[in-house]
Amino acid sequence: MNDDRVGLLSDATLRIVYYPHPTLRYMAKPVRRIDDGLRRLVKRMFELMYEAKGVGLAANQVDVPLRLFVVNLAAKPDEGEERVFINPVISSPQGWEEDEEGCLSLPGIYAPVKRPKRVRVQAFDLGGNEIIEDVSGLLARVVQHELDHLDGVLFIDRVDDEEHREEIARNLAELERRFSEERQAGAVPDDIQIAQRRELWLKQYA
Ligand code: NI
């Protein structure tokens, strides 16, 4: 039990992972427990998000197989509002809107994505309180993008424009090349290590 904690929850082991890291395609599992370890995970996720200048970050993106994501539309620690969405569910989509998206796990890739303009999101915050909120604008887009991550879906899966798809394919090939180089150098764990780490998180929180 205790040795699990050392390996998993020491903040130093958490990093943003990049395509094609397998956890980005993993269907994350519901969180069943909120404790100090989970609060440390959330704190570290905000830090990593700010370092990367992002507005949202899902747990899959730090190789954690749990259904939660963090958002701060201001992308800065001392501005905006820090939001945590645990076990989120989206319903009541209304309208459509297209806007450009990017993703911290897909550096250098940007493309237009069509999504519902407004949605209702139901989730729990870090205090275990239920959130039910109708969201629109950038928050609606970010919430839908991050919820996709928890289902193993990336925004590039939702790009249908032919020209952008070709450009994305070239960028993905480059990311794949970089990923396999990093693996060969030992900077990225192998699939067995990733699976072992996943089991430890699931044992503790899912
Ligand atoms: Ni993303």
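Bear in mind that the values in this text are calculations on the coordinates, not laboratory data. Here the structure is a predicted model, which is why all the values come from computation and not from measurement. Methodologically, a virtual Cβ is constructed for each residue, glycine included, from the backbone with ideal geometry; neighbour enumeration extends over all protein chains shown.
With contacts taken as Cα pairs under 8 Å at a separation of at least 6 residues, the chain carries a relative contact order of 24 percent.
Taking every DSSP helix (H) stretch of at least 4 residues in the chain, weighting each as -39,500 (n - 2.57) and dividing the sum by the residue count yields a mean residue ellipticity at 222 nm of -12000 deg cm²/dmol. As a proxy for reagent exposure, ranking Val121, Val64, Val153 by other Cβ atoms within 10 Å from fewest up yields Val153, Val121, Val64. Does segment 15-161 classify as rounded, prolate or oblate by the C-alpha gyration tensor (a ≥ b ≥ c root eigenvalues; a/c under 1.5 gives rounded; else a/b over b/c gives prolate, otherwise oblate)? Rounded, because the longest to shortest axis ratio a/c is under 1.5. Taking the charge dipole of the chain about its Cα centre, with +1 at Lys and Arg Cβ atoms and -1 at Asp and Glu Cβ atoms, the residue from Ser136, Asn171, Ile86 reaching farthest to the positive side is Ile86. Neighbour counting of Cβ atoms within 10 Å sorts the residues Ile131, Ile86, Ile192, fewest neighbours leading, into Ile192, Ile131, Ile86. Determine which residues of segment 166-206 fall in the zone a paramagnetic label at Arg32 would reach in this model, i.e. backbone nitrogen under 11 Å from the point 7 Å along Cα→Cβ. Taking a point 7 Å out along Cα→Cβ of Arg32, the residues of segment 166-206 whose backbone N falls under 11 Å are 202-206. Taking a sphere under 15 Å around the Cβ of Gln184 and counting the other residues whose Cβ falls inside, with K and R at +1 and D and E at -1, yields a net charge of -2. The dipole here belongs to segment 1-134: it is taken about the Cα centre, uses +1 on the Cβ of Lys and Arg and -1 on the Cβ of Asp and Glu, and is about 420 debye. Excluding same-chain neighbours fewer than eight residues apart, the lysines reachable from Lys203 by a Cα-Cα span under 18 Å are Lys29. Working note: Karplus 6.51/-1.76/1.60 with θ = phi - 60° gives segment 102-113 the couplings x, 7, 5, 8, 10, x, x, 10, 9, 6, x, 10 Hz, where Gly and Pro are set to x. In summary, the helical segments of the chain meeting the span-like criteria, namely a full DSSP H run, a Cα extent along the axis of 15 angstrom or more and a mean Kyte-Doolittle hydropathy of at least 0.0, are 137-150.
Taking a point 7 Å out from the Cα of Glu167 in the direction of its Cβ, the residues of segment 88-119 whose backbone N falls within less than 20 Å of it are 97-115.
Note on Asp160 and Thr13: with the Förster distance fixed at 30 Å, the Cβ-Cβ geometry gives a FRET efficiency of about 0.20.
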